[in-house]
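These notes concern the structure reproduced below.
What follows is calculated from the coordinates using simple rules that are stated; it is not laboratory data. What you are looking at is a predicted structure, and each value in this text was computed from that prediction instead of being measured. Virtual Cβ from ideal backbone geometry, glycine too; neighbours counted across all protein chains shown.
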Protein chains: 4
Amino acid sequence: MTGIMTAVVKEAPAPGSVVRELPIPPLGPRDVLVKVRAASICGTDLHIEDWDGWAQRRIRPPLVFGHECCGEVVAIGSGVTLVAEGAYVSVEGHIPDGTCYQCRTGNSHICENLEIVGVDRPGCFAEYVAVPEGNVFALDPDMPPEVGALQDPFGNAVHTTLAGEIAGLVVAVVGSGPIGCCAVAVARAAGARMVIATDVRAFRLELAQRMGADRVVDASREDAVAVVCAAADGAGADVVLEMSGHPTGVAQAFRMLRRGGRLSLLGIPPTPVSLDLAEDVIFKGATVQGINGRRIWQTWIQAQALLRARKVDLMPLVTHKFPLAKIHEAMALLRTGDAAKVILYPGG
Amino acid sequence: MTGIMTAVVKEAPAPGSVVRELPIPPLGPRDVLVKVRAASICGTDLHIEDWDGWAQRRIRPPLVFGHECCGEVVAIGSGVTLVAEGAYVSVEGHIPDGTCYQCRTGNSHICENLEIVGVDRPGCFAEYVAVPEGNVFALDPDMPPEVGALQDPFGNAVHTTLAGEIAGLVVAVVGSGPIGCCAVAVARAAGARMVIATDVRAFRLELAQRMGADRVVDASREDAVAVVCAAADGAGADVVLEMSGHPTGVAQAFRMLRRGGRLSLLGIPPTPVSLDLAEDVIFKGATVQGINGRRIWQTWIQAQALLRARKVDLMPLVTHKFPLAKIHEAMALLRTGDAAKVILYPGG
Amino acid sequence: MTGIMTAVVKEAPAPGSVVRELPIPPLGPRDVLVKVRAASICGTDLHIEDWDGWAQRRIRPPLVFGHECCGEVVAIGSGVTLVAEGAYVSVEGHIPDGTCYQCRTGNSHICENLEIVGVDRPGCFAEYVAVPEGNVFALDPDMPPEVGALQDPFGNAVHTTLAGEIAGLVVAVVGSGPIGCCAVAVARAAGARMVIATDVRAFRLELAQRMGADRVVDASREDAVAVVCAAADGAGADVVLEMSGHPTGVAQAFRMLRRGGRLSLLGIPPTPVSLDLAEDVIFKGATVQGINGRRIWQTWIQAQALLRARKVDLMPLVTHKFPLAKIHEAMALLRTGDAAKVILYPGG
Amino acid sequence: MTGIMTAVVKEAPAPGSVVRELPIPPLGPRDVLVKVRAASICGTDLHIEDWDGWAQRRIRPPLVFGHECCGEVVAIGSGVTLVAEGAYVSVEGHIPDGTCYQCRTGNSHICENLEIVGVDRPGCFAEYVAVPEGNVFALDPDMPPEVGALQDPFGNAVHTTLAGEIAGLVVAVVGSGPIGCCAVAVARAAGARMVIATDVRAFRLELAQRMGADRVVDASREDAVAVVCAAADGAGADVVLEMSGHPTGVAQAFRMLRRGGRLSLLGIPPTPVSLDLAEDVIFKGATVQGINGRRIWQTWIQAQALLRARKVDLMPLVTHKFPLAKIHEAMALLRTGDAAKVILYPGG
């Protein structure tokens, strides 16, 4: 399929981006072309827009960014066998190489050569995005596009939360951004005895509550470690899900963990973190897991199951909607902290 | 503590039992005396009453039977350190020897020399029962005694259901007796995508539905295997919990299991079962677990968590209540099939 | 590549097979052509030759059979990206569909639509065999072809043995055919406290001993269950690996298992087996695993590691060698019971 | 049993200790008195002798220290049921409270109220030591006392090494002190594809080699991370066992770990460590385990199995022997770095 499309482009190695016309991306033999119905903005997109240190090291402009989306497959490469035109799909933005040790042993989510849509190759803040056939997941036809666009961050939360036992346990979620809020919902759905969410913003704590937190902690006013420990019989949370990536949050996450507990780290600390491994990991007999992306397709299937069975509802996370062309307005809104997920519609 | 109490006694190696006066049982140095507030009747008790083949081989009359109960600790042996008088407790009826390989490695629930309350030693269909201090579990003071008495069968269900993943999966419960109904509730609380319960009695299927089954199957009229497979995308249930012990149910359980699935066996088949291991286990890559009793105290703590957080409500299972002296009336009622758990009150 | 090759063909739905000339198989776009350097004969091949009940139900003549082999890739399809011509490879004979739930969740070894080389499509008792690029595994260049040809059965043993803990445990291997003997070696390499092998043939027991069994049991003369239990402190083996598929062996495997132990079933019982699930699984709290094929590629990588590090030596299993054209002589030898693996050389 | 014994006592809150006469310790009702046949010196003992920061915070003089020993039970308390006089035992120095959540769920090795022999209560650098009956483990009668005395540190190594898969994997041991050397031997026994040991002292590296390391790395001269990664196909070790507790070693341990790998931390860093969690844990999808003590009695039983089956030989670690009275000479020797385990004989 050829033609012109509207896309959001980081054109130069500097802050900012522009909305402009570009050719529809070409397809390799095993690629599919997805007509984007809805996309959503991730914190990573703000880093790219802002051209922070990470972006400067990683991004090679010009680049169409954006990696959370759903849409229809409107064209397929000559060698495609897994997907047909017309399929309603969400995009798995992590493209594994398929040949490394991790890919060959069922762990392609930690592929040694991951290429990321909207980071290393053209993304989905556009009318069309081309991805390998192995990177689209068929959605239930009746899933709203706003929910379809959130499968990537929801998958992060499902992967993190269900990476160990939950039923009957006290779960603390550190950082109540969109993924943290998803994790709250998943932990509740999976039978946590109590879900405690922390953050420093009232907007997010309210959302965490709406997503099912039994208790929320404003870490800017309360001692999050003390509150969690007290709520958990003085012993600390059985499971801590670190979603903030903030050094303070990370440090608190380690300290609020019960002996023998599980700490799953998803938030990305931008700098090294100083840890008291003796007290917070070793004597505790703790298990600390690094979580990256989503298991392909284990996590996606779990995610669909939770949504289909109405164990989790993602719609409260969709706080705002914009046409794609107004993305800069949308990003400004996100920076105020008073939004969770903003959905963009390339169709306008 | 000395004195006389009322108890239900299997006096002779023959069907039947009598309600009579007996001395309050003496305490060893590490035993505690529990004043029974509520007890409940298990299928095992009916086998003892009926003097079936199993009972003839195992039971040595005279014996006070019954093993599901809760009550207060009213006296403790001289060497007791773990429990104080006045504690409100439920009884773990499996008494491990504490010295075998299993006991020494955290698996006392499968102790090589298990002694069972009400089977191998005096039980709880009495005003008082004596058990080792290591066999009582402190309950929340506000737990109703009817629920406290059900901790043993509820624990069976918690142990069986949570012996593997549940969240997002299709769970089939074969046999909707009281433990099956508990398993339905636990699977639902732990985030199963769908819980399907089978039985051949309408009363039980209604109860399973009330406990949270998404779908019930009357296996006397419907093809349970076909229904479960159809409900699970044609592939079979991810998790099957066998609670019937009936040869037909067991055979169905193996057949309705998905490739790569988990089958946990709790129901006790009275006779050998013929199995197509090739098709139903090996080619499937299935995992089959034998489940015995409850993990001490892991399961109990999980059970309390689910109840305390109101993830599971056991009260619908309590269909009838009798004074202990009317136990024969209660057992007759159970045999009609139109009762789930019958609670007995030694206090009248 | 076109031309004529020599192959072993089951030509008609009846016992027997012939060695004849056939066209070299054509390649699909993602297939590779392997020039077979060495092949080996599996029990399955004898079933096909004999035209037993299973073969009658499954095989559609004419068929080139055989599925254990290694060789060089001499041609590749137009869409092949994972393998290059010249690669020295062994063939994974189980071809997963790549699209079912199992394939999508890292369990393609139990794919819902497995197609098997030499069973459902042309096999490797030929000069050339065509398989999907995803079904060849690159071998170390210095691996002898006799060992390369054994990767399929060796992989079965690795998969079965390492499907749970081994170090420090008592491991019983029931059935000391080639895969059983491999399992003996793997269990020993993985630090089993003791490896006990059973069989009814002296030849096999001697081989098991050579492969590292600490104790062998002639089950035709000794009570295998009693011997294993006695050797394991009276309690039974911690791990039992069932490799015989014989009803007697299977029954013994269940009985010789320790409480809390693991029983992994690989041998295929031809008929249903009657089991005392109460005593042998449920009260024991046993875990019974069905094992099918090899994890792709997890098992293969483990297998290479064990061979490369010289933890296991497969050469003692290679008891005989024949040119491919003498396959009927080779099969006759296998039937005597005085051979383990017979290697066939299509090159003569 | 009453009387006088020789013991090593930290008498005052200051560096040093004295050898003097003390009363034989009294027994509580569930205690046993062990006549120490052999004891060994741990790094912790040097900290106590030196009166470093940790010791100042933790130790309350006067204290008989030492916690690694074996000997005979020569007296038992009135309530003891698990052990008889005359038993040849090794001491588990971690005394769990038996009542906390961890103790009640099979994890008493991370008891919330651990009391440690020779740290919080009188230790084994004495002719006699009193411990709870639940803290002695019966040894094979033919185990040399030098080996019996090493069960505590050997157990640390067994616990750490076998806390995940080993067979067929590349294992790096960071820090080749006595426990590191034990871990080398355990990893080798459990079928590691390759065991690489690091240290900065030639004496220890030679010992690691003798205990079975395939490759040793002098981290003072070589880039340990680079060497390990290169040895492991460029990808890093599958399993890293951190035994040094040194900040440099810990940092290297995180960096040399493969994606998806397991890092088990046993060495105790004396100060906080700065970690790049993003690169070294999160993107890697790593699992980091804190390891404390030994599983009671799972680890002990595994340890006995490995020794009894001659999979591991601890005698090379016993580099020196002294009568207890010459402990200061022994400690001086240890400080030179040219000794591994020094055995002390209270009997002279």
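Annotations
- Principal-axis tilt of helix A:298-308 within chain A, Cα atoms, nearest 10 degrees: 90 degrees
- Here's how it looks for D:ALA38: its modeled amide H is under 5 Å from those of D:CYS70, which are all 5 or more places away or on a different chain.
- Placed amide H near A:THR319: partners under 5 Å, 5+ positions off or other chain: A:ALA340, A:LYS341
- Summing +1 for each Lys or Arg and -1 for each Asp or Glu among the other residues whose beta-carbon sits under 15 angstrom from that of C:ALA75 gives -3.
- Given R0 = 30 Å, the distance between the Cβ atoms of A:THR2 and A:THR81 translates into a calculated FRET efficiency of 0.80.
- Counting only alpha carbon atoms, the long axis of helix A:151-161 and the longest principal axis of chain A meet at about 30°.
- Directionally averaged projected area (convex hull, Cα atoms, the protein assembly as shown), nm²: 51.7 nm²
- Longest exposed-site-free window of chain A, the sites being GluC sites (Glu not before Pro) in a DSSP loop that have at most 14 other C-beta atoms within 10 Å: A:86-221
- Cα shape, region C:243-334, gyration tensor, a/c 1.5 rule: oblate
- What the phi angles of region D:18-27 give under the Karplus curve with 6.51, -1.76 and 1.60, with θ = phi - 60°, is a coupling list of 10, 9, 8, 8, 9, x, 4, x, x, 10 Hz, glycine and proline written as x.
- Number of partner chain Cβ atoms within 10 Å, mean per residue of C:102-111: 5
- Exposed-site-free run, longest, chain A (rule: trypsin sites (Lys or Arg not before Pro); DSSP loop; at most 10 other C-beta within 10 Å): A:1-220
- Among the cysteines of chain B, those with no neighbouring cysteine Cβ under 4.7 Å are B:CYS42, B:CYS70, B:CYS100, B:CYS103, B:CYS111, B:CYS181, B:CYS182, B:CYS229.
- Estimated vicinal HN-Hα couplings, Hz - region C:164-177 in sequence order (Karplus 6.51, -1.76, 1.60; Gly, Pro = x): x, 5, 10, 4, x, 9, 8, 10, 10, 10, 9, x, 10, x
- DSSP-defined beta bridges in chain A - what % are antiparallel, rounded to 5: 55 percent
- Region D:251-348, relative contact order [Cα under 8 Å, separation at least 6], %: 22 percent
- Each Cα pair under 8 Å and six or more residues apart adds its sequence gap; the mean of these over the residue count of region D:157-290 is a relative contact order of 22 percent.
- Average partner coverage of C:255-267, which counts Cβ from other chains inside 10 Å: 3
- Summing +1 for each Lys or Arg and -1 for each Asp or Glu among the other residues whose beta-carbon sits under 12 angstrom from that of B:GLY66 gives -3.
- With a Förster radius of 25 Å applied to the beta-carbon distance between D:ALA14 and D:THR271, the computed FRET efficiency rounds to 0.60.
- According to the calculation over all Cα-Cα pairs in region D:157-290, the P(r) per 5 Å bin from zero is 2, 13, 25, 27, 22, 9, 2, 0 %.
- Here the spin labels are modelled as points 7 Å beyond Cα on the Cα-Cβ line, and at B:ASN113 and A:HIS320 they lie 7.1 nm apart.
- The mean number of Cβ atoms from other chains found within 10 Å of a Cβ in peptide A:191-201 is 3, as a whole number.
- Local electrostatic count at A:ALA340 - Lys and Arg +1, Asp and Glu -1, tallied over other residues with Cβ under 11 Å: +2
- With respect to chain C, whose longest principal axis is taken over its alpha-carbon atoms, helix C:178-189 is tilted by about 60°.
- CD proxy at 222 nm, helix term only [per DSSP H run n ≥ 4: -39500 (n - 2.57); per residue of chain D; nearest 500]: -7000 deg cm²/dmol
- Across region D:282-294, rounded Karplus estimates of 3J(HN,Hα) from the backbone phi angles (6.51 cos²θ - 1.76 cosθ + 1.60, θ = phi - 60°) give 6, 4, 6, x, 7, 10, 10, 10, x, 10, 10, x, 9 Hz, Gly and Pro being marked x.
- The mean sequence separation of alpha-carbon pairs under 8 Å and at least six residues apart, normalised by the residue count of chain A, gives a relative contact order of 16 percent.
- Among C:GLY293, C:GLY212, C:GLY28: highest mean-square fluctuation, GNM of chain C, C-alpha pairs under 10 Å: C:GLY28
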